[in-house]
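Colleague: Let me begin by handing over the structure; questions about it come next.
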Amino acid sequence: MIISFGLLVDHVLDALIVDSEGRVLNRTTMGEDLFWAIRGGGGASFGVIVSWKIINEKTLKKGASGLVYQWQYVADKIHDGLFIRVILSPLTRKTIRAKFHVLFLGNAQELLYVMNQSSPQLGLVAEQKACFHFNPYGGKMGEISEFETPFPHRAGNIYEIQYSVSWNEEGEDVANQYLSSYLNCRDVDIGVDGPGNATYAQASVWGRKYFNRNFDSLVQVKTKVDPSNFFRYEQSIASLASVHSI
């Protein structure tokens, strides 16, 4: 719901970071410049983020009562190979959560046919293992200045594309492989820093594509808090001090 609430970085109240000198800093001790930089500027460029304190927006998904109402009229008549269990439980003192557990003896296309015959209003479709989600911008995203956080792509952008994949293998080791690949993924096609201490010119090739005019501000923060460029990787923010010291 980025239209209603914006990005997660727009709701960060505080953070703990370990800097290049080994100090553990919170928002007060790190200062507002560094606090601004780590909220969308690639926290790994400035230190090790230990924890975040985030505002939790209260939301309520409505419409479960309509699904339960529909279920009681079709659950025992749908198909002999389809079992749908409804579990109702209190979410708060005033709201109820409905969960639907489904078992079906058949393939995806057969299930779609059965469900679309009995409950066409659900509009069920079969998902492939890889898909694209087009998340619309606007609303809150356009109300927040591009300089409020390092992430500048707000007003004037129509949507973002989210890539989604799934896998059938089981086990924590398998999941960790995919999670590690995602966490370490960098869009290196737009440019990378050279080996060692990257120059401002090298880093700005990709940095301006990511951060637009916010890149220069990130470089200033990096130069101040990590002048020796202790925290660096393929696309880390460059430190002017480390370049000048070569």
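Colleague: Considering only region 65-85, how many residues are of a type in the set (Lys, Arg) and under 20 Å from ARG97 (Cα atoms)? Steps first, please.
Modeller: Going residue by residue through region 65-85, those that are of a type in the set (Lys, Arg) are 77, 85.
Narrowing further to those that are under 20 Å from ARG97 (Cα atoms): 85.
Going through region 65-85 one residue at a time, the tally reaches 1.
Colleague: Of all residues being part of a helix (DSSP H, G or I) and surrounded by fewer than 11 Cβ atoms within 10 Å (Cβ to Cβ) in region 180-224, which is modelled with the highest pLDDT? Just the residue, please.
Modeller: Filtering region 180-224 for residues part of a helix (DSSP H, G or I) gives 180-183, 188-190, 200-211, 214-224.
Right, trim to surrounded by fewer than 11 Cβ atoms within 10 Å (Cβ to Cβ) and you get 180-183, 188-189, 201.
Values: SER180: 76, SER181: 73, TYR182: 70, LEU183: 65, VAL188: 71, ASP189: 72, ALA201: 84.
For region 180-224, the residue satisfying everything is ALA201.
Colleague: To continue, here is another question. Please go through region 156-175 and give me each residue that is in contact (Cβ under 8 Å) with a residue 24 or more places away in the chain and not charged (D, E, K, R), ordered by number.
Modeller: Let us first name the residues in region 156-175 that are in contact (Cβ under 8 Å) with a residue 24 or more places away in the chain, namely 159-167.
Scanning region 156-175 gives TYR159, ILE161, GLN162, TYR163, SER164, VAL165, SER166, TRP167.
Colleague: A further question follows. Does TYR163 meet the test of being modelled with pLDDT of 85 or more, more than 22 Å from ILE38 (Cβ to Cβ) and surrounded by fewer than 16 Cβ atoms within 10 Å (Cβ to Cβ)?
Modeller: Numbers: modelled with pLDDT of 85 or more: no; more than 22 Å from ILE38 (Cβ to Cβ): yes; surrounded by fewer than 16 Cβ atoms within 10 Å (Cβ to Cβ): yes.
Spelling it out, it is not the case that TYR163 is modelled with pLDDT of 85 or more, more than 22 Å from ILE38 (Cβ to Cβ) and surrounded by fewer than 16 Cβ atoms within 10 Å (Cβ to Cβ).
Colleague: Quickly run through region 103-115 and pick out the residues that are loosely packed, with under 14 Cβ neighbours inside 10 Å and over 15 Å from VAL125 (Cβ atoms).
Modeller: LEU103, LEU105, GLY106 - these are the residues of region 103-115 that are loosely packed, with under 14 Cβ neighbours inside 10 Å and over 15 Å from VAL125 (Cβ atoms).
Colleague: Checking ILE38 against (1) closer than 25 Å to PRO227 by Cβ; (2) surrounded by fewer than 18 Cβ atoms within 10 Å (Cβ to Cβ), which test does it fail?
Modeller: Unmet condition: (2).
Colleague: Taking the condition of being of a type in the set (Phe, Trp, Tyr), touching a Ser or Thr at 6+ places or on another chain (Cβ under 7 Å) and over 23 Å from VAL219 (Cβ atoms), how many residues in region 1-36 meet it? Please lay out each step first, then the result.
Modeller: In the first step, residues of region 1-36 are kept if they are of a type in the set (Phe, Trp, Tyr); the result is 5, 35-36.
Next, from what is left, pick out any that are touching a Ser or Thr at 6+ places or on another chain (Cβ under 7 Å): 36.
Now narrow it down to the ones that are over 23 Å from VAL219 (Cβ atoms): none.
Total satisfying the criteria: 0.
The values are calculated or read from the model by the stated rules, or taken from the named source; none is laboratory data. Predicted, not measured: the structure shown is a model, and the values here were computed from it. Backbone-built Cβ (ideal geometry, glycine too); neighbour counts: all protein chains shown.
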